[in-house]
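A.B. asks: Let me begin by handing over the structure; questions about it come next.
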Amino acid sequence: MAIIHFIAIFSQNKLIKTFLNVNESIIRAGVPSSSHRGVGTPDSTNTEETMKRHQLRFLLLPAVLLAPKGIYCRATKHWLSHGSSWDGFSSNRTALARNLAARYNDTIGLLAGAHAGGHGFQWHGFSIVDENYFAEKALYPYDTGLSAILNKQVAKWLHLPASKGWEDDRRQNLWGIPTCLRPENEHGATENSSCVAVAGSYTPDPPLAGINEVNTNFAVYSELNNNVTYTVAHCLVANGQNVNHCVPLLLALLLTNDSDTSTAIFQRLLQLWDGVGFGPPSTSFEFAVCQNSSACRSRPLVGKALMYSTRSLGYFLFAARVMQQRGMLVPAHTILEIQERLWSLQQCDTDAKGLPASYSVSGAPKCPPNPGTPGVPLLGTQLTSVETAALALLPYDDRINTTWFPASQEQH
């Protein structure tokens with residue numbers, strides 16, 4: 001213990017000063033400002049897109065992994081908690097927000113172009129949960145007016161009787177609303193029980209409105225909860241395909257004061273990062289490239305490329321910022337590495353600003369074939385996923401710190 005304490009204290013007082021010439025932009029927490037004139041740059045600072053990597057990473061990591069929580073807080077918390085910038089990649093983010101905003105359909109009041117229903121990309125399809133649901137939050141720092149419109153429309157659709165199965169959706173945890181499954185005691189009460197799982201989801205057919213068919217003229221889709229659950233035990237041995245379920249669960253645990261289990265799941269997800277993606281890569285992500293068509297699903301898996309999920313990057317970065325806010329130490333170089341990977345994939349759609357649903361083991365984005373132009377519904381062309389784009393923007397939203405997961409008065 002004394003040795004660990006020495007390493008941590010020496011790391012803070014000597015090694016950081018001696019070996020780390022840390023740029024100020026790396027350690028400050030950015031506060032995006034809202035644009036009231038359409039989609040704009042959320043931060044007037046011209047942040048460098050590629051930040052300096054820490055030379056001390058290999059020296060500090062043993063102390064981070066071995067030191068008890070109290071030593072974390074006293075010795076190295078400040079450097080690692082704020083070691084990665086959340087105001088970087090500003091031009092990438094602004095371009096992606098514009099890509100999303102261009103999809104707005106004024107007649108329906110939602111972003112058009114759904115990846116739902118099992119019939120591939122739908123130019124005249126509108127996804128409530130989880131595409132417009134995420135986009136409403138993600139666009140707020142860039143276009144508050146559009147965000148407000150989407151918020152109103154999403155709320156309207158989710159209040160329909162057909163959307164009742166959406167209640168207690170796992171994604172509400174991202175906004176600081178604890179939503180999870182809890183065991184009942186002998187009296188059937190669950191109020192004081194710990195979270196044990198979150199529910200999965202599915203897209204019902206028929207949709208909320210319109211007709212679910214290939215090249216539909218109009219359809220509104222939304223996911224509902226199903227009977228599939230993702231448990232704490234499952235997430236403690238999760239793989240890269242489970243990040244989108246395990247992040248909401250770890251946030252629910254954090255919100256219900258089970259920080260130890262939440263931290264354990266987060267550390268498991270962190271272990272899955274292999275330098276390229278959250279592994280192991282899977283052939284299942286190739287289905288996204290095939291746009292969920294039945295012909296694609298019927299093909300044998302032999303010969304299909306191994307792929308990583310892009311949305312896992314956004315989900316994890318969101319969780320990382322929350323955990324940093326609550327005092328957990330996350331290696332700054334890893335967070336920067338994940339951010340760099342995410343924005344290196346921004347090469348899709350005709351504006352080359354969209355993000356793919358998946359990417360290869362070499363880091364190449366798997367953009368949809370026949371790329372489309374946001375806002376120009378040309379049959380036969382396809383756009384990237386609104387969900388993936390929104391999840392890329394959300395980790396940079398300062399409401400994580402101020403509203404959804406404000407810091408505790410006392411962190412241990």
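A.B. asks: Rounded to the nearest 10 Å², what accessible area does SER201 show when all protein chains are kept and the probe is 1.4 Å?
C.D. replies: Counting only protein heavy atoms, the figure is 30 Å².
A.B. asks: Further question on the same structure: If the only charges are +1 at each Lys and Arg Cβ and -1 at each Asp and Glu Cβ, what is the size of the charge dipole of the range 121-233 around the Cα centre, to the nearest 20 debye?
C.D. replies: For this selection, approximately 220 debye.
A.B. asks: Which order, highest average first, do 204-210, 249-255, 108-114 follow once you tally other Cβ atoms within 10 Å for each residue and take the mean per peptide?
C.D. replies: 249-255, 108-114, 204-210
A.B. asks: Just to verify a number: what accessible area does VAL361 come out at with the full protein assembly present, 1.4 Å probe, Å² rounded to tens?
C.D. replies: 80
A.B. asks: Taking the alpha carbon gyration tensor of the range 209-248, what are the square roots of 5 times its eigenvalues, largest first, to the nearest whole Å?
C.D. replies: That gives 33, 11, 8 Å for the three semi-axes.
A.B. asks: Here's something else I'd like to know. Which shape class applies to the range 133-213: rounded if a/c is under 1.5, otherwise prolate when a/b exceeds b/c and oblate if not, where a ≥ b ≥ c are the square roots of the Cα gyration tensor eigenvalues?
C.D. replies: Judged from the Cα gyration tensor, the range 133-213 comes out oblate (a/c at least 1.5, b/c at or above a/b).
A.B. asks: Once you compute Rg and the Kirkwood Rh from C-alpha atoms, what is the Rg to Rh ratio for the range 115-272?
C.D. replies: 1.01
A.B. asks: Applying a 10 Å radius around every beta-carbon, put 267-277, 336-346 in order of their mean neighbour count, most first.
C.D. replies: The packing order, highest mean first, is 336-346, 267-277.
The values are calculated or read from the model by the stated rules, or taken from the named source; none is laboratory data. It should be emphasised that the depicted structure is a prediction, and the values quoted were computed from it without experimental measurement. Methodologically, a virtual Cβ is constructed for each residue, glycine included, from the backbone with ideal geometry; neighbour enumeration extends over all protein chains shown. Just the protein is used for accessible areas: all its heavy atoms, side chains included, with ligands, DNA and RNA removed. Shrake-Rupley method; radii C 1.70, N 1.55, O 1.52, S 1.80 Å.
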